[in-house]
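J.: Structure in structure tokens, see below.
The values are calculated or read from the model by the stated rules, or taken from the named source; none is laboratory data. Just so it is clear, the structure is predicted and the values come from calculations on it, not from any experiment. Please note: Cβ atoms are built from the backbone with ideal geometry, for glycine as well, and neighbour counts cover all protein chains shown.
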Amino acid sequence: MTMDIHEILKKIPHRYPILLVDRVLELKKNESIKALKNVSINEPYFSGHFPQRPVMPGVLMIEALAQAAAILGFETLGITPDDNALFYFAGIDGARFKRPVEPGDQLVLEVVLVRQKSGIFKFEARATVDGELAVEAELLCTVRRIP
């Protein structure tokens, strides 16, 4: 399964400037997702991180992976997010940053569902640029109903 930006907007509640998934290249329910984040000089964080050498903040690379994981999680559960359900971080383990991500790069987000138990999802996540590892981490996430 693939998704364009219009379908992504239906799958997760994030919006500009924090929406960090531009396209889903491949999605296998209960298994994995491969998605893209096109990194543009127009991103609002580049004006301050860093003006002389723009670099995508590591926390936003992790957030992009989490958003891809959320799409996979919602698809796995067969639900659509609404005003009463959100996908939250429960933990981040083993995060490692291997190369800077700069304007013009295309971040390929790859997330594999390792386990789902008692409403907690465990994912192995990695992002690459031109086949070179940029970041990797284990993500724990959960869907929570909010009043």
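J.: Restricting the search to region 12-52, which residues are of a type in the set (K, R) and in contact (Cβ under 8 Å) with a residue 24 or more places away in the chain?
T.: Those that are of a type in the set (K, R) and in contact (Cβ under 8 Å) with a residue 24 or more places away in the chain: K28, K29, K34, K37.
Rundown of residues vs (1) crowded, with 16+ Cβ neighbours inside 10 Å; (2) not hydrophobic (A, V, I, L, M, F, W, C), yes/no style:
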residue	(1), (2)
M56	yes, no
F89	no, no
A95	yes, no
D130	no, yes
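J.: Quick check, is D105 surrounded by 14 or more Cβ atoms within 10 Å (Cβ to Cβ), more than 14 Å from F123 (Cα to Cα) and of a type in the set (D, E)? Can you show your working first?
T.: On the way: surrounded by 14 or more Cβ atoms within 10 Å (Cβ to Cβ): yes; more than 14 Å from F123 (Cα to Cα): yes; of a type in the set (D, E): yes.
Yes; evaluated as a whole, the condition is true for this residue.
J.: Mind listing just one residue for me: the one in region 58-81 that is among the polar types (S, T, N, Q) and over 20 Å from Q106 (Cβ atoms) and, of those, surrounded by the most Cβ atoms within 10 Å (Cβ to Cβ)?
T.: T76
J.: Report the residue count in region 21-48 for those that are surrounded by fewer than 18 Cβ atoms within 10 Å (Cβ to Cβ) and among the β-branched types (V, I, T).
T.: Adding up the residues that qualify gives 1.
J.: Here is a further query. Can you tell me which residues in region 88-120 are assigned to a loop (DSSP other than H, G, I, E, B) and either in contact with a His (Cβ under 7 Å, 6 or more places away or on another chain) or among the acidic types (D, E) (or both)?
T.: Within region 88-120, E102, D105 qualify.
J.: From E110, E43, which residue is in contact with a helix residue (DSSP H, G or I) (Cβ under 9 Å, 6 or more places away or on another chain) and more than 20 Å from L140 (Cβ to Cβ)?
T.: On the way: E110 fails: more than 20 Å from L140 (Cβ to Cβ).
Answer to the selection: E43.
J.: Next question, about the same structure. Which count do you get for residues in region 30-64 that are touching a Leu at 6+ places or on another chain (Cβ under 8 Å), within 24 Å of G131 (Cα to Cα) and in a loop (DSSP other than H, G, I, E, B)?
T.: Result for region 30-64: 3.
J.: Looking at (1) more than 23 Å from A137 (Cα to Cα); (2) surrounded by fewer than 14 Cβ atoms within 10 Å (Cβ to Cβ); (3) in contact with a helix residue (DSSP H, G or I) (Cβ under 8 Å, 6 or more places away or on another chain); (4) not polar (S, T, N, Q), find the lone condition where I18 falls short.
T.: (1)
J.: When only residues in region 102-132 that are of a type in the set (D, E, K, R) and more than 12 Å from the chain's Cα centre (by Cα) count, which is modelled with the lowest pLDDT?
T.: K117
J.: Condition test on F123, is it in a strand (DSSP E or B) and surrounded by 19 or more Cβ atoms within 10 Å (Cβ to Cβ)?
T.: Criteria met by F123.
J.: Answer yes if at least one residue in region 60-71 is closer than 19 Å to L25 by Cα, touching a residue at least 40 places away in the same chain (Cβ under 8 Å) and of a type in the set (D, E), and no otherwise.
T.: yes
J.: Could I ask something else about it? Look at region 132-147 and say how many of its residues are closer than 21 Å to L36 by Cα, of a type in the set (D, E, K, R) and surrounded by fewer than 17 Cβ atoms within 10 Å (Cβ to Cβ).
T.: 2
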